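This report refers to the structure that appears directly beneath it.
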């Protein structure tokens with residue numbers, strides 16, 4: 001899989017995750033099925049969901065930079081470091097979701113593992129190309 005394809009898949013999945021969080025905020029989806037069932041009231045839900053949406057938008061922005069879809073760019077080292085941080089976060093989130101109380105949240109372990117693998121693929125492919133170009 002090419003890094004550009006992995007980025008496109010990630011952007012599509014992130015869009016769906018953001019819609020999911022907006023559905024929770026709009027109370028189309030009950031908030032007790034998210035966040036490990038730890039949210040106890042609407043105020044907490046709005047705070048947690050807003051943070052989640054902002055983080056997902058930030059990841060999407062970083063992926064748009066990585067794929068050269070937008071003109072504004074951070075330095076590539078910064079983009080790569082941020083993406084490595086997200087790999088670690090998604091791996092930890094996968095472990096947390098595996099031990100979640102609800103089957104619905106356990107399902108998200110598959111999604112977070114997929115996110116970690118796709119970002120790893122984006123970064124690994126990039127590093128392999130850089131290594132190859134240096135050796136020539």
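The values are calculated or read from the model by the stated rules, or taken from the named source; none is laboratory data. Quick caveat: nothing in here was measured; it's all calculated off a predicted structure. Positions of Cβ are generated from backbone atoms using ideal geometry, with glycine treated the same way; all protein chains shown enter the neighbour counts.
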- Item | Unmet requirement for residue 1, which otherwise passes all of (1) closer than 28 Å to residue 80 by Cβ; (2) free of Cβ contacts under 8 Å to residues at least 40 places away in the same chain; (3) in a loop (DSSP other than H, G, I, E, B) | (2)
- Sole exception among (1) loosely packed, with under 13 Cβ neighbours inside 10 Å; (2) not in a helix (DSSP H, G or I) for residue 43, by number: (2)
- Query: Has segment 38-57 got any residue that is at pLDDT 95 or above and within 15 Å of residue 6 (Cα to Cα)?
  - Reply: no
- Query: Considering segment 4-31 alone, what residues qualify as being assigned to a helix (DSSP H, G or I), more than 13 Å from the chain's Cα centre (by Cα) and exposed (fewer than 15 other Cβ atoms within 10 Å of the Cβ)?
  - Reply: 4, 5, 19, 22, 23
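So that you can scan it fast, the table gives a plain yes or no per residue for (1) more than 19 Å from residue 36 (Cα to Cα); (2) within 17 Å of the chain's Cα centre (by Cα):
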| site | (1), (2) |
| --- | --- |
| 61 | yes, yes |
| 64 | yes, yes |
| 67 | yes, yes |
| 89 | no, yes |
| 95 | no, yes |
| 104 | no, no |
- Query: Are any of the residues in segment 89-102 touching a helix residue (DSSP H, G or I) at 6+ places or on another chain (Cβ under 6 Å), surrounded by fewer than 18 Cβ atoms within 10 Å (Cβ to Cβ) and within 22 Å of residue 5 (Cα to Cα)?
  - Reply: yes
